[in-house]
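The values are calculated or read from the model by the stated rules, or taken from the named source; none is laboratory data. This is a predicted model, so every value here is computed, not measured. We place every Cβ from the backbone using ideal geometry, glycine too, and count neighbours over all the protein chains shown. SASA here: full protein model, heavy atoms, side chains in, ligands and nucleic acids out. Shrake-Rupley method; radii C 1.70, N 1.55, O 1.52, S 1.80 Å.
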Amino acid sequence: MAQTNSLFPAIGSLAVKADEISDNPESTIDDADDKIVQEVTSLCMNCHEEGVTRLMLTTIPYFREVIVMSFRCEHCGTSNNEIQSAGSIQVEQGTAYTARILARSDLDRQIVRSPSCEIIIPEFDLTLPPTSRGQLTTVEGLIRNVYADLNMDQPLRRIQDPEGAAAIQGLLDKLKNILADDENDEDAENHDEAVGEVKATKASDKTAPLSAFTLKLDDPAGNSWIEFIGNMADPKWNLRHYNRTVEQNVALGLVSADDVGLASGNLKSLNEEGEVTTEAITDDEVFVFHGHCSSCGHGLDTKMKKVTIPYFKDILIMSTNCDRCGYRDNEVKSGSAISEKGKKITLRVEDREDLSRDILKATGLSIPEIDLVLQHGTLGGRFTTLEGILNQVYEELSEKVIAGDAAKSTDRSDFEAFLKNLKGIMNAERPFTVILDDPLANSYMQNLYAPDPDPNMSIETYDRTWEQNEELGLNDIKVEGYESDAQKEVIPI
């Protein structure tokens, strides 16, 4: 570990060393190990003369080791910057970062973008696909690069594709409002470039109003990163890990495409048998229902599987995924009869180990310590872990702060404080209580001491009220003697 730290020192220590060298211009560093930047002579692919590639090996806190590379040719002026991860691809999980850009100070957040990273700005319907090289920049730098790339071909695009040029111009206007560059700034920048000096005003230092937007980084390799402010409890910042799909493993070179094609071919032949059976559903069977996407209207398949939860009951997990528009939906239904009584589960969470408990949320959820109450139907049925359900709640609620351009500043600050408390709960920074109150007794919380009682969890059963039965439609259900009622309703002709 000490050897790794010496090879990849923290970026802060490199900055301190650079300041010491600048303060003592007469000092020289002869030892290659003490140099901040390593220089390597390399071939320029533009003029085929010799250029210089500078390498800086460093560690970004709370992220990983990276290699920052900069090439410049003094003969033709060609320059290039790139960043590569010095770590390995994450074993089984990718990373998805979400940052809410609500103030101009958020434009200074640093971004590490790997070649496999996809960047999405939902408010602008903008998606940046994976590239051929990595990038180290800021949110402002990313916006400026996108603006420059799209604006470059606009004159030609207006002649060849007027409709497309008009749509892109609308996006360019939105990006320009973020940068807040006016004509005077552009003229000054062009004048400075002409004399060899650039004095550009940062977008974060300007006073123009900023339209809030969301920046998402989705990297199956897990080698991308966006900076948080203060610590990882930043309410505007979120990190989510997910399991890669087979297609993503193929794109990363972790799985052979031939092997995947063979496996998918066997699965397809099993699914297309089309046989109708009256046998009982087993735990190993996966049923496929053909239907249409509610978002784009194209055909899709909904998969259903029965799962038996130990010391609980059978449930049905249904998953819908549209390959055309990316729409996804997951739902959990009870596979057993309606319980005679309701159930209330109370869990006292004291450490991160409790966050790994499996949870089946079929109804509302509440956390009194932060005044969080989810009504029945919120997020639908979910079978995940306690940490997973809290992440889903955070992602859903954090999007609401984006709609607050016209909201009062006090309301936004209160909501951000609530999100910060929720982030602290997600990290188990303090004890809290989770309450699942389910009139149908279809909710479940894993007992780590099963079959013995869990000292941190209490389960209460109660009789449903008439109002609860009425809301659930149970008062009108008749399961006995309905045949005779149907015969009485028949009118003879």
Pairs from K313/K420; K303/K423; K361/K423 whose Cα-Cα separation, in the structure shown, is over 27 Å
K313/K420; K303/K423
Would you rank Y327, Y462, Y97 by solvent-accessible area, highest first, keeping every protein chain in place and using a 1.4 Å probe?
Y327, Y462, Y97
Give me the accessible area of S79, 1.4 Å probe, in Å² rounded to the nearest 10.
80 Å²
Inter-probe distance in nm under a simple model that places probes 7 Å from Cα toward Cβ, at N427 and D452
3.4 nm
Calculate, for segment 290-376, the solvent-accessible area per residue in square angstrom, rolling a 1.4 angstrom probe over the heavy atoms of the protein chains.
57 Å²
Please list S366, S132 from largest to smallest accessible area, probe radius 1.4 Å, with all protein chains kept in place.
S132, S366
In the full protein assembly as shown, how much of H75 is accessible to a 1.4 Å probe, in Å² to the nearest 10?
120 Å²
Using the basic label-point model (7 angstrom from Cα toward the beta carbon), what is the D205 to N475 distance in nanometres?
6.9 nm
For the pair Q392 and F418, the simple spin-label estimate (label points 7 Å beyond Cα toward Cβ) gives in nm 2.0 nm
Net charge (Lys, Arg +1; Asp, Glu -1) of residues whose beta-carbon lies under 13 Å from that of N81, N81 excluded, is +3
For K303 the rounded accessible area (nearest 10 Å², probe 1.4 Å, non-protein molecules ignored) is 100 Å²
